[in-house]
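Everything below concerns the one structure shown next.
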Amino acid sequence: MSTRRWRRNSREESSGEGEAITRPSPGIAALFEGLGAARTDLSVLDLARATDAALRIYTRNGARWVRFASVVGDRVCDAGALAKLTDTPEPPYDLLLAWDLFDRVLPHERGAIARHLAAVCAPSARLHMLVNMFEGGEPLASFRYSLVDERHMRCEPLAFRSSRRPSVQPAEVEHLLVPFRVDRGFVLRPSLREYVAQYPAGSVYDTRAR
Amino acid sequence: MVGQKIRLKGEITGEEDLVIEGQVEGSVVLRSHAVTIGEEGEVKASIVGRTITVKGSVKGNLTAGEQIVLHSSATVEGDLTAPRVMMEDGATFRGGIDMGTPSASAGSARARKAASAPKARGSQQKKAAASSGTAGRPA
């Protein structure tokens with residue numbers, strides 16, 4: 001499917017670096033499902049660039065503490081993403097937004113990053129991640145992702161293209177995210193997959209006091 | 001006002017609003033007043049104020065009784081504590097945001113730290129268990 005068709009199905013906006021696209025995101029909708037009324041003391045770890053829209057969305061969904069920790073910025077990370085991530089303080093987070101971090105880091109760092117996210121999350125924490133799909137091994141344009149509201153995300157094209165490093169494959173996701181349990185998966189045509197996973201409360205991996 | 005060509009090291013305290021356009025290193029404590037870091041301002045300090053407005057660059061923790069505003073030209077690295085935090089598009093921010101009241105936040109930060117301590121031990125236990133081949137086994 002061409003990128004043109006994707007754009008036809010999405011609301012287009014102008015941006016300095018190209019056309020920014022606002023598109024429905026069932027994964028984001030699943031992430032926020034049932035929040036807000038239930039609690040008002042959520043902790044959020046967002047591994048993307050900070051935006052006012054994201055902050056307002058977290059606040060109205062019950063966030064008390066939000067940490068923005070963009071460890072790779074608007075680029076592919078050659079090394080050291082994990083070191084930057086582990087540099088951040090570790091309150092137990094209830095919501096973790098990894099965006100396309102796992103695509104941007106070196107494959108051998110992915111497992112350690114997933115384990116670190118598991119170590120800093122609260123029981124029943126929810127994790128959202130995106131995986132780019134490559135067409136015939138050829139990387140598509142890279143995007144900077146951010147929240148628009150509880151059901152939409154914004155994709156801004158970046159100047160660089162994704163590296164040729166292997167993308168996370170669908171069969172790898174569940175194994176990569178253990179001990180998180182992948183609850184939902186969505187294919188967003190033409191080039192994106194979304195996953196929402198939950199840290200199981202009472203898991204045999206869960207050694208923390210509750 | 002700290003002008004563009006002023007460099008200041010140390011602690012700033014007082015009873016009036018402050019605009020920083022120069023370079024400040026240390027701490028700024030003006031609990032009942034507004035602190036503004038202008039576009040040319042470069043601050044490496046913790047800042048406490050009633051309202052804090054950032055248009056320049058700050059490395060340090062910001063604590064405000066009412067609100068913190070990051071304008072599009074702002075670059076901030078540190079933790080923000082205020083009941084209201086606003087960020088314009090284009091502002092660069094890396095750090096945490098606590099939207100409780102500053103006094104309660106200090107308590108909640110301690111609570112979070114305390115809560116994370118057993119977790120860190122937990123992850124170490126997990127690592128130790130993994131290395132000894134017992135990871136994932138039910139007790």
Simple label model, 7 Å out from Cα along Cβ direction - A:Q169 to B:D89, nm: 4.0 nm
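Suppose R0 equals 25 Å; then what is the FRET efficiency for A:T22 and A:A201 from their Cβ-Cβ distance, rounded to the nearest 0.05?
That pair, A:T22 with A:A201, gives E of 0.15.
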Approximate spin-label separation B:E40-A:D149, in nm, with each point projected 7 Å along Cα-to-Cβ: 4.3 nm
Within a 10 angstrom radius of each residue's Cβ in B:83-96, how many Cβ atoms of other chains show up on average? Whole number is fine. 5
For B:S72 and B:E16, what is the calculated FRET efficiency with R₀ set at 45 Å and r taken between the beta-carbons, to the nearest 0.05? 0.95
Kirkwood Rh over alpha-carbon pairs of region B:7-100 plugged into Stokes-Einstein at 25 °C, 0.890 mPa s gives a D in µm²/s of 196 µm²/s
Which whole number gives the average count of other chain Cβ atoms within 10 Å of the Cβ atoms across peptide A:110-117? 1
Between A:L106 and B:M1, what is the label-to-label distance in nm when each label sits 7 Å out along the Cα-to-Cβ direction? 5.0 nm
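No value in this document is a laboratory result; all are computed from the given coordinates. Since the model is a prediction, treat every value here as computed from it, not as a measurement. Using ideal geometry, Cβ is built from the backbone for each residue, glycine included, and neighbour counts are taken over all protein chains shown.
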